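Step one of this worksheet: look at the structure below.
Values quoted throughout were computed directly from the atomic coordinates according to the rules given, and no laboratory measurement underlies them. As the structure is a computational prediction, the values presented were derived from the model and not from experiment. All Cβ positions, even for glycine, are placed from backbone atoms using ideal geometry, and neighbour counts span all protein chains on display.
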Amino acid sequence: MSIKGQSLSSRLLLLALVGTLLMGSAAAYGVISLLNVLEIYDYALDRQVSNERQMLIMQSDFKKQVQEWKNVLLRGSDAKNLKKYWGKFEAKEASIKVQGEKLMPRLEDDAAKQILRSFLTSHEQMGAAYRTGLEQFKQSGFDPKAGDKAVKGIDREPTKKLAEAAEHISKRLYESTNHLRDQSSDALYVSLLIALIALIALVAMVGFTVWMLKRVIINPTKDISVSLKRFADGDFSDLDIKHHGGELGEVAESAIQVKEHLGGIIREVRGSAHELTQAAGRLSVATRSTQGDLGRQQGEIQQVATAMDQMSAVVSQVSSNAQAAVEAARSA
């Protein structure tokens with residue numbers, strides 16, 4: 001169905017629907033962009049910040065493990081302290097291993113994974129070296145120098161690898177947060193741009209709506225009003241109502257039908273009046289003819305009356321003469 005064939009309510013509903021879709025699209029894009037940014041932010045907090053925090057804990061535990069070894073060397077001459085501090089050393093060693101194995105599958109950066117794997121390998125080797133150093137410490141009569149010499153520099157490689165892994169994870173987090181800020185700025189810019197476009201489109205739509213209301217409602221309504229006034233004044237000439245379908249189009253068509261119907265009635269009345277005028281003319285002619293005949297008859301009647309009056313006078317005179325003759329005869 002074409003727009004012209006649609007009703008007025010359908011056109012207004014269509015305009016409202018288009019405006020709603022434009023504003024809804026802008027709002028939906030903004031919400032989706034915001035949700036995407038929040039998702040990335042949650043991911044950064046849940047995964048990468050957690051990875052960085054776990055790596056820092058591993059670094060702290062590694063330093064504590066090395067410190068426990070120093071406690072072994074300084075206080076290990078006492079069997080109770082030796083057991084205590086070596087137990088703490090092994091506990092930190094086991095904890096670091098478990099933390100590293102849990103952290104490994106969470107890392108997405110291959111370089112960080114490789115460095116962490118190297119750290120765990122060197123950490124395991126360091127543990128074996130410390131156990132060898134512990135035996136030498138015991139065999140030397142608990143001489144700290146002997147134990148320290150046996151493991152001298154053994155913690156440098158694990159320390160280096162752990163620091164590199166932590167640096168990679170921190171760098172990854174920094175890149176992600178920077179990307180998050182950039183994406184947030186882009187989403188905000190695009191959302192504002194779409195909102196501006198939607199606002200411009202809405203203003204244009206309001207202008208179009210006003211134009212359509214004037215074209216579809218106001219102008220046809222004025223034409224219909226003028227036509228009805230012409231009907232009231234008795235002017236049933238051709239109408240010029242421009243409409244574009246819909247409810248007002250039906251009103252305009254009804255006005256045209258009323259005009260045609262009333263015009264037909266008036267034409268019939270005019271025809272009847274013309275016929276009546278003609279009949280009256282013929283009746284007037286007949287009346288005048290009758291009046292002429294009556295005038296002639298009246299003249300003839302007057303002539304007959306005059307003749308009768310004359311005859312009456314003659315008869316009266318004859319009667320008088322006869323009476324006079326009778327009188328004369330009697331006298332003689």
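A few points about this structure:
- Whether segment 71-164 is rounded, prolate or oblate, judged on the alpha carbon gyration tensor where a/c under 1.5 counts as rounded: prolate
- Cβ-Cβ distance of Ser319 and Gln297, R₀ of 22 Å, FRET efficiency by 1/(1 + (r/R0)^6): the value works out to about 0.10.
- Sites Ala280 and Lys214 - FRET efficiency at Förster radius 45 Å, r taken between beta-carbons, to 0.05: 0.25
- FRET efficiency, Lys70 to Ser170 (Cβ-Cβ, R0 25 Å, nearest 0.05): 0.35
- Taking packing as the residue-averaged number of other Cβ atoms within 10 angstrom, the listed peptides 320-329, 49-58 run from highest to lowest as 49-58, 320-329.
- Loop sites in segment 73-119: trypsin sites (Lys or Arg not before Pro), DSSP, at most 11 other Cβ within 10 Å: none
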